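The values are calculated or read from the model by the stated rules, or taken from the named source; none is laboratory data. Source: prediction; values computed, not measured. Methodologically, a virtual Cβ is constructed for each residue, glycine included, from the backbone with ideal geometry; neighbour enumeration extends over all protein chains shown. Just the protein is used for accessible areas: all its heavy atoms, side chains included, with ligands, DNA and RNA removed. Shrake-Rupley method; radii C 1.70, N 1.55, O 1.52, S 1.80 Å.
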Amino acid sequence: MTLSGLARHLVYDNLLSNELAEEAIASAKREKLPLPMYLISQGSVEALPMALSASREFGTALIDLDALDRERIPKDLVDQKLIQKHQALPIFHRGNRLYIAVCDPTNLHALDEIKFNTGLSTEALLVEADKLQVAIEEYMNAAEEGLGDSLGGLEDGDLDGLDIEAVDEDSSSGADDDGGDEAPIVRFVNKVLLDAIKGGASDIHFEPYEKTYRVRFRTDGILQEVAKPPINLGSRLAARLKVMSKMDISERRVPQDGRIKMKITKTRAIDFRVNTLPTLFGEKIVLRILDPSSAKLGIDALGYEDFQKQMYLDALAQPQGMILVTGPTGSGKTVSLYTGLNILNTTERNISTAEDPVEINLEGINQVNVSNKVGLTFAEALRSFLRQDPDIVMVGEIRDLETAEIAIKAAQTGHLVLSTLHTNSAPETLTRLLNMGVPTFNVATTVSLIIAQRLARRLCSECKKPADIPDEILKEEGFDEIDLEEINLHEPVGCNKCNKGYKGRVGVYEVVRITPSISRIIMDGGNAIQIADAAKEAGFFNLRTAALRKAAMGVTSLAEANRVTKD
């Protein structure tokens, strides 16, 4: 064998015999190790003389790794797989140049691959092989320890038997398991998902920033930070989540959507709706937790006043007409609609829904995923429903005049239609339809019930305490209009069974039935203020009054009532 590269110079400097050099080259190749590290592991050559020889022959600067501050080593520039593959450690970054510690300066392939993956110019700095090996081990251990801190005492049994599978979506493509089978990453992601479910979270946020990475849960409507994994693990966490949800892990430039199904037990499964968003410092990934059991709570668990619940049930019992649920994102509209659909879901009825996207699968109901990319809009789905002999139709959202006109036509021709709009109150829902261009006669004669809603955090029954608030403040807040024999205000305290004094949420509702007087106002072109006054005269609570009643009964706090309803 003709020796070349570093081996030839080691023989030339009498640090290694020709025979040992040939044998070492073959063995290092088999074990996929750089030649210097193999020689050190075998005790064939001392590290410092070998490094000095290489530095003289190849003109590469030799530095002492022990003199470097390990804390300043760049943590987020080079993929850990490349570091392990080439035994090359980034140690300094200046401008567009990245300095790489190597023990074999002839390994140009390592520098080229790191340059390609980082987009930075690379320059080799020679270090002793034994010190480089220790530094790389410390670097990798630090990353794993940081992840271990985030695991927070997870026991192996917590994840045993956990069955997670992707739900196929139109956006899924050639995803493979690249980056997804690393045990610490897998365990961390699984623990985050389980903790979110156990804590009653509705959303999980994985967020990369310039110098930090954080994980947050939205619990009872409020975002809270739960973990800060090392920033250099951000791309691996994103890859794992994208593999789980059948996304294209090679595509990082555009948003993607997917779904994950987690089987908690043999009879219970949780779906996660997953969305990625390219940001300045990586992909932010948000998971919406879709628990089918939330759609089967029953109307009594939602927080309606007795007369509000009865109005909803009466409207559901009608053979035709339109029921509209309104409120901002995350106000519980979907649960209200699904609760109504579950009441209506019998073998005698044909029920079809058009949703964007379908959040929870309901057995016995024909659910359609709206997809503008393929031309399946709400309006197109509605047209098809009307040719399918429907009894009840649910439209995820009325967004435009075309959808509104078809929905109203369906409600006028013997079908019960349920839908949502994004408005702030029940009176504004009616004027919103008019502003879309729906004729006043159609609105006045077709809409039968409007439910505007918010979700307020429920006070913890274990630790809440009575609140001492002066009468003048209560009057200013509007409690003088509350028709209750006793106002029983409480405030949060906080204990080990709740989240800063709150546990769970309760609905706050404005339920308005379209009475003859309200219909006349609509026909006369009245505005939202006139409609609100007529609703108040008819005895319907507005959102503010409903929230204050919940506070007066000690269900929530005055501060929370103000947060969700006060302008």
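Write down the accessible area per residue of the range 331-437 in Å², having rolled a 1.4 Å probe over the full set of protein chains. Don't skip to the answer; put the middle values down first.
Working: 4450 Å² over 107 residues.
Ligands and nucleic acids excluded, the figure is 42 Å² per residue.
Please compute, over every Cα-Cα pair in the range 226-291, the percentage with a separation greater than 20 angstrom. Walk me through the numbers before you get to the answer.
On the way: 681 of 2145 pairs.
Cα-Cα pairs of the range 226-291 separated by over 20 Å account for 32 percent.
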| Cysteines without a disulfide-compatible partner in the chain, using Cβ under 4.7 Å as the rule? | Cys103
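Using C-alpha positions alone, give me the convex hull volume of the range 278-422 per residue in cubic angstrom.
Details: hull volume 19.7 nm³, N = 145.
Each residue corresponds to 136 Å³ of Cα convex hull volume.
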| message | Give me P(r) over the range 418-504, computed from all C-alpha to C-alpha distances, binned every 10 Å, as integer percentages. | response | 14, 26, 23, 23, 13, 1
| Among the DSSP beta bridges whose two residues both lie in the range 392-548, what percent are antiparallel, rounded to the nearest 5? | 75
| query | Lys/Arg Cβ at +1, Asp/Glu Cβ at -1, dipole of the range 433-565 taken about the Cα centre: which of Leu474, Ala456, Gln530 is farthest positive-ward? | reply | Ala456
| Just how much of Thr339 is accessible, in Å², when a 1.4 Å probe is used and the result is rounded to the nearest 10? | 0
| query | Among Leu6, Gly332, Ile351, which residue has its Cα positioned farthest towards the positive end of the charge dipole of the chain, with +1 placed on the Cβ of Lys and Arg, -1 on the Cβ of Asp and Glu, and the dipole taken about the Cα centre? | reply | Ile351
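First measure r as the distance between the Cβ atoms of Glu462 and Asn275, then evaluate 1/(1 + (r/R0)^6) with R0 = 35 Å and state the FRET efficiency to the nearest 0.05.
Numbers: r = 36 Å, r/R0 = 1.02.
Calculated value: 0.45.
Which trypsin sites (Lys or Arg not before Pro) does the range 193-260 hold that lie in a coil by DSSP with at most 16 other beta carbons within 10 Å? List each step's numbers first, then the result.
Details: sites: Lys198, Lys211, Arg214, Arg216, Arg218, Arg236, Arg240, Lys242, Lys246, Arg252, Arg253, Arg259; in loops: Lys211, Lys246, Arg252, Arg253.
Answer by residue number: Lys211, Arg252, Arg253.
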| message | Can you compute the modelled spin-label distance between Phe92 and Glu71, with each label point 7 Å from Cα toward Cβ, in nm? | response | 1.9
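If you take every DSSP beta bridge whose two residues both sit in the chain, what share of them, in percent to the nearest 5, is antiparallel? Intermediate results must be reported in sequence, preceding the final value.
Numbers: 57 of 87 bridges.
Counting only bridges with both partners in the chain, antiparallel ones make up about 65 percent.
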| What's the extension gain from Gln320 to Arg56 if we count 0.36 nm per residue and subtract their Cα-Cα distance? | 86.0 nm
| Global size of the range 371-517 as Cα Rg and Dmax, reported in angstrom | 21.4, 61
| Geometric extent, Cα atoms of the range 206-325 - Rg, Dmax (angstrom) | 19.7, 59
| request: Please report the orientation-averaged projected area of the range 1-144, defined via the convex hull of its C-alpha atoms, in nm². | output: 8.4
| request: With a 1.4 Å probe and all protein chains in place, put Lys497, Lys373 in order of accessible area, largest first. | output: Lys373, Lys497
| task | Give, in nm to one decimal, the length gained when the segment between Arg349 and Asn372 is fully stretched (0.36 nm per residue of separation minus the Cα-Cα distance). | result | 5.4 nm
| field | Amide N proximity, the range 221-240 versus Arg268 label position 7 Å along Cα-to-Cβ, cut-off under 20 Å | value | 221
| query | What span do the alpha-carbon atoms of the range 361-418 cover on each of the three principal axes, reported in whole Å from largest to smallest? | reply | 31, 30, 18
| query | Relative contact order, percent, of the chain when contacts are C-alpha pairs under 8 Å separated by at least 6 residues? | reply | 9
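Taking the radius of gyration and the Kirkwood hydrodynamic radius from Cα positions alone, what is the Rg/Rh ratio for the range 1-84, to two decimal places?
Working: Rg = 14.7 Å, Rh = 14.4 Å.
Radius of gyration over Kirkwood radius for the range 1-84 works out to 1.02.
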| task | Assuming 1.306 mPa s and 10 °C, estimate D for the chain with Stokes-Einstein, Rh taken as the Kirkwood radius over Cα pairs, in µm²/s. | result | 56
| Between Glu22 and Leu82, what is the FRET efficiency for a Förster distance of 30 Å, r being their Cβ-Cβ separation, to the nearest 0.05? | 0.55
| Could you give the dipole magnitude of the chain about its Cα centre, charging the beta-carbon of Lys and Arg +1 and that of Asp and Glu -1, in debye to the nearest 20? | 860
| task | Over all alpha-carbon pairs in the range 503-564, figure out the percentage whose distance exceeds 13 Å. | result | 64
| remark: Summing -39500 (n - 2.57) over every DSSP H run of at least 4 in the chain, dividing by its residue total and rounding to the nearest 500, the 222 nm mean residue ellipticity is -11500 deg cm²/dmol
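Pop out the carbon and sulfur fraction of the accessible area of the chain as a percent, whole number, probe 1.4 Å. Please report the intermediate quantities before stating the final value.
Working: 12890 of 27550 Å².
It is 47 percent, rounded to a whole number.
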